[in-house]
1. So what is the calculated 222 nm ellipticity per residue for the chain, using -39500 (n - 2.57) for each DSSP H run with n of 4 or more, over all residues, to the nearest 500 deg cm²/dmol?
2. Expressed in nm to one decimal, what extension gain is obtained for the pair residue 150 and residue 123 from 0.36 nm per residue of sequence separation less their Cα-Cα distance?
3. Compute from the Cα atoms of the chain the Rg and the Dmax, the latter being the longest Cα-Cα distance, and quote both in angstrom.
4. With an 8 Å cut-off on Cα pairs and a minimum separation of 6 or more residues, tell me the relative contact order of the range 95-170 in percent.
5. Most mobile of 66, 114, 13 per a Gaussian network model of the chain (Cα springs, under 10 Å)?
6. Just 80, 65, 120 to compare: in a GNM of the chain, with alpha carbon springs under 10 Å, which one fluctuates most?
7. If we count other beta carbons within 10 Å of each Cβ, what is the order of 158, 134, fewest first?
8. Using 11 Å as the cut-off for backbone N distance, which residues of the range 122-156 belong to the label zone defined by a point 7 Å from the Cα of residue 81 along Cα→Cβ?
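The numbers here are math on the coordinates, done by the rules we state, and not lab data. Since the structure is predicted, the reported quantities are computational estimates derived from the model, not experimental observations. Here the Cβ positions follow ideal geometry from the backbone for every residue, glycine too, while neighbour counts run over all protein chains shown.
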């Protein structure tokens, strides 16, 4: 595990898992939200975003957390390990709400400065619809990856805990 992509719904815990893995494996961590967003929630232009990810994927080791469906294939193709957090939508919504409360009025550590935490209807809708709209696309992309790519589909916080424990034992 030297090139790891962590994907899943908002509120699933991608950034938290990424931080834990980065510490355990001593690998550079890139929170895609912190790179993509500029102050005031300004998006990075698509050509620049593609180039950034292509350059990051050339590094010998990395962990990247985030989805960004329009460029996800760049990371998936470069990954030797993909972790898909396939959690219940209600747990994800609960976590997103508690994160909003915790970071209300400020940027969270895995987000770009000047992007204060927000929780709006579109985000709620995205999380709620993720299992029906995004998950089938993700599963198809995972199915099409190289047989050498290790794929972990973790369906609960308990499975994440067991996964981390197994990593620690190796």
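1. Details: 8 runs with 86 residues, N = 170.
Computed ellipticity for the chain at 222 nm equals -15000 deg cm²/dmol.
2. Details: separation 27, 0.36 × 27 = 9.72 nm, distance 2.96 nm.
Stretched out fully, the residue 150 to residue 123 stretch lengthens by 6.8 nm.
3. 15.4, 44
4. Values: 25 pairs, mean separation 11.9, N = 76.
Contact order relative to length: 16 percent.
5. Its mean-square fluctuation being the largest, the pick is 114.
6. Residue with maximal mean-square fluctuation among 80, 65, 120: 120.
7. Values: 158 9, 134 17.
Going from least to most buried by this count: 158, 134.
8. Under cut-off, by backbone N: 150-152.
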